[in-house]
1. So what's the net charge close to A469: Lys and Arg +1, Asp and Glu -1, counting the other residues with Cβ under 14 Å from its Cβ?
2. In the structure shown, do any of K328/K496; K308/K330; K96/K422; K287/K350 have a Cα-Cα gap over 28 Å, and if so which?
3. Can you pull out the trypsin sites (Lys or Arg not before Pro) in the range 142-173 whose DSSP state is coil and whose Cβ has at most 10 other Cβ atoms within 10 Å?
4. Report, to the nearest 10°, how far helix 464-473 tilts away from the longest principal axis of the Cα atoms in the chain, using its own Cα long axis and a range of 0 to 90°.
5. I'd like the orientation of helix 133-147 relative to the chain: the angle between its Cα long axis and the longest Cα principal axis, in ° from 0 to 90, rounded to 10.
6. What share of the DSSP beta bridges in the chain is antiparallel, in percent to the nearest 5?
7. Using alpha carbons only, what's the Rg to Rh ratio of the range 175-219 with Rh from Kirkwood?
8. Once phi is turned into θ = phi - 60°, what whole-Hz ³J(HN,Hα) does the Karplus curve with 6.51, -1.76 and 1.60 give for every residue of the range 39-52, x standing for Gly and Pro?
Amino acid sequence: MNTRLLFQDLAGVQTPMLAVFAVDLAMGEDAKAIPTLLTASDAVTGAAERQMRAGEFKATLGETLLLHGPGGLRAERLLVVGLGRAKKLSPDQIRKGAGTAVRFAKPRGVRDLAIAFPEDKALSDELLDELPCESTARALVEGAELADPDYDTYKRDREDRSIVSLAVVAADAERSVQESIRKGFSDGRIVAAAQNFTRSLVNEPGNVLTPTVLGERVQAMCAEVGLGCEVHSTDKIKELKMGALWAVAQGSEEPPALIVMRYEPEGGAGEGRAAGSGMPVLGLVGKGITFDTGGISIKSADGMEKMKFDMAGAGAMIGAMRAIAQMKPKVRVIGVICSAENMPDGKAFKPGDVVTAMSGKTIEIINTDAEGRLVLADGLHYAKTLGCTHLINAATLTGAIGVALGRLNAGLFSNDEEAVEKFQRGLKVSGEKFWRLPCTDDYADQIKSAIADIQNTGLTRYGGSITAAMFLKEFVGETPWIHLDIAGTAWDDEQKPWLAKGPTGIGVRSVLEWVGGYGG
Ligand code: BES
Ligand code: ZN
Ligand code: ZN
């Protein structure tokens, strides 16, 4: 998608489709809708006036109203897109609204469109406090770009309906406003491209995206954006004594991959800034199971095909690293991806086996389907040995997180209040939803083993996501750490007006904001 930013009067924009946002100004719960256009353009207001007054369009989020040949405008069509109640207006509504415009255009064969930057004629200052120009511009571009891909990538008769060009059109405002809009616009493009990169990786089938291929794709991405990158396999994993990662990997013909991405801020941060210098070094660790059969504790066939998405945590961290390279925060960041295929085989690890993790801890395997925590155990410990002072990991770790939180919120666990506070502050910008669950030491009994230091699953199924978090906690020690369980949210089977079904790319935006919190 060729995305441009224009400062000009809306009436003069020549485009097959001009989209403009509308909100509902009604206040009370049962109050009658008062749909109002978010534009200061009299021409646009005039063109839509009759339809807006007819009362059919209520400006609910994702609702659309199409006008052909709007009078007084050079645009061929005017699309009014509802954002919902004005009272609750947030960047996330703008993101979804922009996405709705793009996904409205695609099936109708409209390949070029313009979206009007929302203007505030009708809104009070109170509402606008929540909507600074920069975050509005960023959310708008993100929403539009995220709405473009469809994931029918392997259909031979696939029709490419992607948007060719998008113009974001803002009124010719004063210089400082223009600067804010430009900044948000440029950040939005970076973030959306990164998230779409993540989604394209998660969408790949397991026979295409093996750990080796994942390593190759990450290497190519790192070369493109200027990140350091090393991809290791079996020999190095054995040399590092990563017994937990190897236990999972050993049952597959496909060799595992240990991928390290490095970002150094400009201005000579270098090694001197690492351990001991007091400067944070952030470690982004991702679960990269390219296919999870469950291993010897094999999963049932129903829905197993979805387990190609079991590298979505890795995908999120890879996408975040891509955006970090382009947004250049002033903090060192190291990405560690532990990738393997979890297969049953004559060489596969078994329930009852005891393996030794890189940290030296011994683990009794109760269930080979609890493999994510094993690969992350070594990934988290390894990140610490590389000098990381703060850790964050993302993983499609437990089915139980979907049972607990549904498909809307992902799970958030942590041992550090400051890290959580930074993460939660970022959610206001990212618009992603994470709900914190406990992982206090009183849950530790769950993973006590009779034969080894710990076991890889709990005594009962209750609180399964917490048990998994407790297992990870064993490997982070005192290091501030956040664990994101995205198993319920990394894939959406439901088509949204603003987003195609399939991989969501959850985590990229929030991890990015968290990193920015240490060196924005
Ligand atoms: N990759 C799965 C988690 C998962 C399950 C994601 C269902 C999406 C839907 C993970 O490796 C797994 O299998 N976890 C087990 C843990 C159990 C054996 C303690 C689970 O959640 O059932
Ligand atoms: Zn599993
Ligand atoms: Zn898994």
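Please treat every number below as a calculation from the coordinates, not as lab data. Bear in mind the structure is a predicted one, so any value in this text is a computation, not a measurement. When we count neighbours, we look across all protein chains shown, and the Cβ atoms used for this are built from the backbone with ideal geometry, even at glycine.
1. On the way: positive: K287, R373, R436, K473; negative: D416, D441, D442, E474, D485.
So the environment of A469 carries a net charge of -1.
2. The answer is K328/K496; K308/K330.
3. Numbers: sites: K155, R156, R158, R161; in loops: K155, R156, R158, R161.
Loop-located and lightly packed - K155, R156, R158.
4. For helix 464-473, the angle is close to 70 degrees.
5. Taking the Cα atoms of the chain, the angle to 133-147 is about 70 degrees.
6. Bridges in the chain that DSSP calls antiparallel: roughly 40 percent.
7. In the range 175-219, Rg relative to Rh is 1.29.
8. Karplus-based 3J(HN,Hα) across the range 39-52 equals 8, 9, 7, 5, 5, 5, 4, x, 5, 9, 3, 4, 5, 5 Hz.
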